[in-house]
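Engineer: Take this structure, written in C-alpha cells, and hold onto it; I'll ask about it next.
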Amino acid sequence: MSDIIITRLMAAFDRAAESAFRRSAQAIGRRSALSTIGKLLVGGAVLPVLPFDRSSGARAADAPKADAADGSCDYWRYCALDGFLCSCCGGSVSACPPGAEPSKVTWVGTCHNPNDGEDYLVSYNDCCGKTSCGRCLCNGNVGERPGYRMGIHNDINWCMANTQSMYHCTVSVLVGMAEKK
C-alpha cells in the first residue's frame with residue numbers, strides 16, 4: 001500500500017518537474033541561462049571585496065574622553081588608526097571638525113583599553129571634504145590585513161564613497177565591546 005502511494009507521488013513530482021523544465025526551456029535560451037548563472041557566480045565572488053557602509057557606527061555611544069591625550073598616538077583607541085588625528089585638526093577624538101563630514105565607509109579595529117582591561121571594537125572614520133590636515137600623524141597597524149580585505153585595511157582613502165573625496169583627518173568611534181573568546 002505505501003509503495004503505491006510513494007510511486008504515485010514520485011510520478012506526480014516527475015510530471016511537475018518535467019513540465020516546469022519544458023516551460024523554462026521554451027522561455028529562456030541556453031545562452032541567457034548560462035550568462036545569468038555566470039553573472040551570479042562572478043558577482044558572488046566579487047561581493048566580499050566591495051566596501052561596506054558602517055556610518056551608523058559613527059552615531060554609537062562614546063566612552064568618556066577624559067583619558068584622551070590630544071596629539072598623542074599612544075592613546076589606546078588609536079591602536080589601528082592610520083592618518084591625522086582630528087583632535088589636532090579642530091575636531092575631537094570621535095567628531096569631525098567643522099566643514100568635514102565622516103566617511104560613509106570605514107575600517108574597524110579591536111583595541112585593548114588598559115584602564116578597564118577590556119577590548120573594544122573601534123570604527124575609524126576618515127573625515128572628508130577639506131584638504132589634508134597635516135598634523136599629528138599616527139600609523140597604528142594593529143590587526144591590519146592586506147588591501148584585498150578592505151574592512152580591516154587602513155591604508156585606503158575611505159572618503160571614496162563621499163561626494164567630497166578629499167581626506168582631512170581620522171576619528172575613532174567606539175562601536176562596542178569585542179567578543180571574548
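Throughout, read-outs are computed from the coordinates displayed, never taken from laboratory work. Small disclaimer: the values here were computed from a predicted structure and weren't measured. Neighbour counts are summed over all protein chains in view; Cβ atoms, including those assigned to glycine, are modelled from backbone coordinates with ideal geometry.
Engineer: Obtain the nm distance between the two label points defined at Ile5 and Asn115 by a simple spin-label model: each point lies 7 Å from its Cα along the Cα-to-C-beta direction.
Structural biologist: Modelled inter-label distance: 6.9 nm.
Engineer: Right, another one. Report the gain in length on full extension from Ser92 to Ala20: 0.36 nm times residue separation, minus Cα-Cα distance, nm rounded to one decimal.
Structural biologist: Fully extending the segment from Ser92 to Ala20 adds 19.7 nm.
Engineer: So if R0 is 41 Å, what FRET efficiency would Thr163 and Lys39 give, r being the distance between their Cβ atoms, rounded to the nearest 0.05?
Structural biologist: Computed FRET efficiency for Thr163 and Lys39 comes out at 0.90.
Engineer: Below 14 angstrom from the Cβ of Ala16, what's the summed charge of the other residues (Lys, Arg +1; Asp, Glu -1)?
Structural biologist: +2
Engineer: With θ set to phi - 60° and the Karplus curve 6.51 cos²θ - 1.76 cosθ + 1.60, what are the ³J(HN,Hα) couplings of region 119-129 in order, to the nearest whole Hz, using x for Gly and Pro?
Structural biologist: 9, 10, 7, 10, 8, 9, 9, 6, 9, 10, x
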